[in-house]
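These notes are about the structure you will find just below.
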Amino acid sequence: MSFQGSLKELPLPDIIQLVSVSGKTGAFVLKSGHQEGQIFLQDGEIVHAMASGVEGEEAVYELAIWQDGQFVFQAGVESETRTVKKSNTNLLMEAARRIDEWKILSKRVPSTQLVPVFTTQGSRTSVSFTPNEWSVICKIDERRTIDDLASVLGISPFEVSKLLFGLLTAGLVELRDGLGSLQLARLAQLSVPDLGRLTDGLVSQARELLQDEGRRAEVDKIAQRARKELERGRGADTLVDLIRSLEQLVATALGPSQARLLLEQLNRQLQ
């Protein structure tokens with residue numbers, strides 16, 4: 001059996017359910033723009049997954065967040081590696097929960113490239129924290145991004161965002177621009193035509209990642225605004241605003257890892 005379709009029309013958990021109930025062995029190949037992920041099934045059970053540099057259960061959860069993209073199921077393809085031990089039921093329940101949670105989290109944490117910093121209210125407030133919240137608080141140095149905290153703590157950016165959500169809601173921390181890892185100084189050295197070409201490249205990458213026409217239309221509106229600002233001579237600041245807007249749009253639709261890859265592609269262009 002082999003079939004393909006759109007993630008917009010059929011969410012990943014539903015797709016896997018359709019194939020797993022028949023006890024099939026094979027691989028799902030999922031694509032969104034230049035990004036790709038794979039999920040392997042053996043006799044209907046998920047045994048291995050890869051996406052955005054992670055493997056196993058976290059890769060399944062990462063792919064489950066994708067709202068745009070295409071999938072193909074290749075029957076008979078087997079994996080020599082097993083990185084998933086949870087049952088399909090538990091795995092897909094967790095994936096569905098994360099999809100719902102990310103829709104809420106992304107409203108307060110639109111990007112995992114943002115930097116958590118303590119507020120003045122936080123220094124005056126006496127509250128109790130869970131051990132997991134303390135682990136995050138102890139690593140906040142007002143320089144590390146959410147992605148950096150996840151790497152230091154050995155957990156996913158999703159989990160860090162989830163722990164920060166309560167701290168943000170309580171007003172104990174806030175998020176600031178974390179684009180310092182980008183070579184933004186390089187932007188100031190570029191001519192207006194070069195900035196225009198970089199704008200076009202970023203817009204093209206975002207459109208490739210976002211398959212949904214509604215989101216592509218939003219990308220086009222952001223791009224139109226950026227081009228007008230460039231014409232008015234605003235220069236490098238226009239690109240910074242464009243980067244923020246596109247990165248947050250991709251993060252909301254496809255999850256933090258996809259947005260991080262967009263920024264990494266930009267950094268390569270600035271080298």
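The values are calculated or read from the model by the stated rules, or taken from the named source; none is laboratory data. In this text the structure is predicted, and so the values were computed from the model without any measurement. Heads up, the Cβs are rebuilt from the backbone with ideal geometry, glycines too, and the neighbour counts pull from every protein chain shown.
Summary table below
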{"item": "Which numbered condition residue 138 misses (of (1) surrounded by 19 or more Cβ atoms within 10 Å (Cβ to Cβ); (2) modelled with pLDDT of 90 or more; (3) hydrophobic (A, V, I, L, M, F, W, C))", "result": "(1)"}
{"item": "Scope segment 22-48; condition more than 22 Å from the chain's Cα centre (by Cα), surrounded by fewer than 23 Cβ atoms within 10 Å (Cβ to Cβ) and in contact (Cβ under 8 Å) with a residue 24 or more places away in the chain; matching residues", "result": "24, 25, 26, 27, 42, 44, 45, 47"}
{"item": "Flag for residue 266 being surrounded by 15 or more Cβ atoms within 10 Å (Cβ to Cβ), at pLDDT below 85, within 25 Å of residue 65 (Cα to Cα) and not assigned by TED's automatic domain parsing to the domain that holds residue 64", "result": "yes"}
{"item": "Search result, residues across segment 28-66 that are of a type in the set (Val, Ile, Thr) and over 17 Å from residue 3 (Cα atoms)", "result": "46, 47, 54, 60, 65"}
{"item": "Residue within segment 167-184 that is part of a helix (DSSP H, G or I) and surrounded by 21 or more Cβ atoms within 10 Å (Cβ to Cβ) present", "result": "yes"}
{"item": "Neighbours by Cβ (under 8 Å, 6+ apart or cross-chain): first from segment 49-64, within 12 Å of residue 158 (Cα to Cα); second charged (D, E, K, R) and at pLDDT 85 or above", "result": "61/94; 61/98"}
{"item": "Options 216, 234: the member that is under 16 Å from residue 33 (Cα atoms), without any contact (Cβ under 8 Å) to a residue 60 or more places away in the chain and of a type in the set (D, E, K, R)", "result": "216"}
{"item": "Qualifying residue in segment 8-23 (condition: within 25 Å of residue 259 (Cα to Cα) and in a strand (DSSP E or B))", "result": "no"}
{"item": "Near pairs, Cβ below 9 angstrom, 6+ apart or cross-chain, from segment 5-18 (under 17 Å from residue 62 (Cβ atoms)) to any residue that is of a type in the set (Phe, Trp, Tyr) and at pLDDT 85 or above", "result": "7/71; 12/28; 12/71; 15/28; 15/71; 15/73; 16/28"}
{"item": "Search result, residues across segment 102-134 that are out of contact with any helix residue (DSSP H, G or I) (no Cβ under 6 Å at 6 or more places or on another chain), surrounded by 16 or more Cβ atoms within 10 Å (Cβ to Cβ) and in a helix (DSSP H, G or I)", "result": "122"}
{"item": "Selection status of residue 36, of a type in the set (D, E, K, R), in a helix (DSSP H, G or I) and at pLDDT below 90", "result": "no"}
{"item": "Selection within segment 218-236 - under 17 Å from residue 249 (Cβ atoms) and either in the same structural domain as residue 33 (by TED's automatic domain parsing) or surrounded by fewer than 12 Cβ atoms within 10 Å (Cβ to Cβ) (or both)", "result": "221, 224"}
{"item": "Filter pass, residue 17 being more than 17 Å from residue 82 (Cα to Cα), at pLDDT below 85 and in the same structural domain as residue 74 (by TED's automatic domain parsing)", "result": "no"}
